[in-house]
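Written out below as structure tokens is the structure these notes cover.
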Amino acid sequence: MDGVPTFGEYIRQRRTTANLTRPQLAWLANLSVPYLTKIEGGANPSRRVIESLGTALKLPPAEFEYALVLAEGPLPRIEADHPTPADQEYLDLLNPAIGAYITGLYDIVAINTAHRELFLELDPGTNYLEWLIFNPVARTVMVNWDAETRMAASRFRMQLARSGEDERGGEILAKCLTDSDFALMWRSDAVAAERSHLVKLVRDPRTLAITELRINLWRTQSTLQSWLLVLGTTVDQPTAVTRPVVRRRPETSRPVNINKALKNRPVGPEEAAPANDPTPTKPLQQINSNLQDG
């Protein structure tokens with residue numbers, strides 16, 4: 001399905017994919033068949049009905065959010081603005097971390113030096129999705145190019161719904177659909193609200209060295225800005241699972257510098273400890289940075 005469907009079209013599509021007839025879905029969602037027919041024909045349902053249909057169709061969280069956006073309409077449109085010199089200075093201060101300002105539809109607004117060195121030809125004025133599909137260097141830089149492009153396509157579908165009848169979004173989609181690989185991905189109707197994982201592998205196009213990058217999206221200063229901050233930091237020490245280390249007291253050891261007067265003193269039950277009693281150390285706690293992915 002090209003472009004953004006209506007809520008009714010999306011429900012009919014999900015119903016067909018689930019191999020449900022209209023009466024079956026109506027029964028599962030506790031709706032009448034005539035009312036479900038009206039919904040699939042374009043009627044606006046209430047939030048309760050949307051939730052009932054989402055439960056009946058077993059929609060995952062991202063697809064349910066997508067259905068909500070289709071039913072309730074796009075977000076308020078934000079007029080395009082541009083970063084100030086202070087915004088660009090902040091971006092430069094992030095070096096050697098990779099930083100860029102990007103719109104919801106993946107248009108690159110500004111970048112810093114670290115970004116320019118790694119993501120060749122992904123300059124301001126370029127669209128990230130178009131770069132992935134049409135620029136050969138993208139297949140070198142993105143180690144898992146296919147997975148990354150599928151993720152970008154599924155998130156772009158959500159952004160199209162959020163932006164409504166946006167001319168720029170239509171232009172990007174029309175151009176990308178001219179590529180057969182992307183057209184095949186788009187027909188899968190996959191949708192995502194955010195990245196399924198924060199870390200992605202990138203390859204330096206000059207040295208071919210592979211690096212793990214942790215990617216996060218930030219809304220900077222004001223929610224009224226038309227662009228977001230993308231921050232990529234190197235994963236120097238991947239998270240490892242820790243486990244307690246059991247230490248056993250040596251059976252033949254004895255205290256050093258013990259008072260002779262206390263040597264033969266009876267030992268109370270509260271002081272006695274089995275010789276082989278394990279004393280596990282407390283595992284390290286991983287720090288939760290509470291960062292949000294984009």
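The values are calculated or read from the model by the stated rules, or taken from the named source; none is laboratory data. Model, not experiment: these values are computed from the prediction. Note that we place each Cβ from the backbone using ideal geometry, even for glycine, and neighbour counts take in every protein chain shown.
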Review point. Among PHE156, PHE119, which is over 21 Å from ARG206 (Cα atoms) and in the same structural domain as ALA209 (by TED's automatic domain parsing)?
Key: PHE156
Exercise for review: Determine the pairs where a residue that is within 14 Å of ALA153 (Cβ to Cβ) and touching a residue at least 12 places away in the same chain (Cβ under 8 Å), located within the stretch 118-135, has a partner that is hydroxyl-bearing (Ser, Thr, Tyr) and part of a loop (DSSP other than H, G, I, E, B) with Cβ atoms under 7 Å apart, the partner being 6 or more residues away or on another chain.
Suggested key: ASN127/TYR106; TYR128/TYR106; LEU129/TYR106
**Study point:** Given (1) charged (D, E, K, R); (2) closer than 27 Å to GLY232 by Cβ; (3) surrounded by 14 or more Cβ atoms within 10 Å (Cβ to Cβ), number of the condition ASP81 does not satisfy
**Key:** (3)
